[in-house]
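Participant: Provided herewith is a single structure, encoded as structure tokens, for subsequent inquiry.
The values are calculated or read from the model by the stated rules, or taken from the named source; none is laboratory data. Fair warning: this is a prediction, and the values are worked out from it, not measured in the lab. When the accessible area is computed, the model is the full protein with side chains, heavy atoms only, and any ligands, DNA or RNA have been set aside. Shrake-Rupley method; radii C 1.70, N 1.55, O 1.52, S 1.80 Å.
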Amino acid sequence: MRVYISVDMEGIAGVVHESQTDPTTPAFAAEYARFRRLMTAEANAAVEGALAAGATRVLVNDSHWFMRNLLAEELHQSAELVSGDPKPRSMMQEIDQQGSFDAALFIGYHARAGTRNAVLDHTYADRIHEVRLNGKPVGELGLNAAEAKDLLGDGVATVIVKQAVSRHAAKSVAPAVACRMIREEVQRALKGRHAPYIVRTPVTLEVDFAMTIHADMAELCPGATRTGGRTVAVTHPEYGEVFRAWRTLLNLSAAV
């Protein structure tokens, strides 16, 4: 069994503020250093769960910010690490390379932009107001696989390590407890069977940006259509090409 693990940071147990996830601000360096270690620990817990379930290959993709967060020297020796930026498939780099994977795990993921009572809610960047796939609002998890139980129903296994009070407050289990929960649930989930999430084709992606200038730049993407003041849309029969277009829209919108 080949297992793919994408690891973000805002959803890690204990994380409640940008000071704990921002690798670029010198004043946050000490806090960030603490929480990247907790991020690595949760990644390792997922690796251990996968191995206990019989995984023969485990690949871990660092999927937060500049994607250089996971401590390579502390990563489980049985896992391969993909890190650094840019990556064409971003948070899902290598998912379509070197053969297919049998299962995908998402660790440290968070709520989509605009979700009430959600820690550090966003969808890839603060300039993104909302993203829709075939009319349904999705976040990073939805773009990469599915928007958890809201989209997949009972076919997806989840581990809740904290409950948000507001954007910058949450009730969280202890990091060691979070790791145990992840390890046990990954093992249990991988021993079961789950229906894959299949997006109806052709796939239409709609992106609502925070400002019209973001949409001005994004509509320069080949094949994109400006459908509103802040909205740009792309339709294609293959989801891989839609995801490529999404990456282009996102990066073009940053050039303002």
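Participant: Taking a ≥ b ≥ c as the square roots of the eigenvalues of the Cα gyration tensor of segment 175-216, is the shape rounded (a/c under 1.5), prolate (a/b larger than b/c) or oblate?
Facilitator: oblate
Participant: Also, quick follow-up: With a 10 Å cut-off between alpha carbons and a GNM built on the chain, which of 142, 192, 84 moves the most?
Facilitator: With Cα springs under 10 Å in the chain, the top fluctuation among 142, 192, 84 is at 192.
Participant: Now for a different question. In the chain, what % of DSSP beta bridges are antiparallel (nearest 5)?
Facilitator: Approximately 60 percent, going by the DSSP bridge assignments.
Participant: Does segment 139-256 classify as rounded, prolate or oblate by the C-alpha gyration tensor (a ≥ b ≥ c root eigenvalues; a/c under 1.5 gives rounded; else a/b over b/c gives prolate, otherwise oblate)?
Facilitator: Judged from the Cα gyration tensor, segment 139-256 comes out oblate (a/c at least 1.5, b/c at or above a/b).
Participant: Give me the 1.4 Å probe accessible area per residue for the chain, excluding ligands and nucleic acids, in Å².
Facilitator: Heavy-atom SASA per residue in the chain reads 47 Å².
Participant: Find the lysine pairs in the chain meeting two conditions, Cα atoms under 24 Å apart and a separation of 8 or more places or different chains, and report how many there are.
Facilitator: Lysine pairs satisfying the spacing and distance rule in the chain number 5.
Participant: What is the percent carbon and sulfur in the accessible area of the chain, measuring with a 1.4 Å probe over the protein chains and ignoring ligands?
Facilitator: It is 52 percent, rounded to a whole number.
Participant: Have a look at 176, 215, 111 and tell me which one the Gaussian network model of the chain (Cα, springs below 10 Å) gives the largest fluctuation.
Facilitator: Top of the fluctuation ranking is 176.
Participant: Still on this structure: Using only the alpha-carbon atoms, what does segment 1-139 span along each of its principal axes? Please give whole angstrom values in decreasing order.
Facilitator: Reported extents, whole Å, longest axis first: 42, 38, 27.
Participant: While we're looking at this one, here's another question. Which of rounded, prolate or oblate describes segment 86-137 when judged by the alpha-carbon gyration tensor and an a/c cut-off of 1.5?
Facilitator: prolate
Participant: While we're here: Rank 93, 77, 20 by mean-square fluctuation in a GNM of the chain with C-alpha springs under 10 angstrom and give only the top-ranked residue.
Facilitator: Maximum fluctuation in the GNM of the chain, among the listed residues, is at 77.
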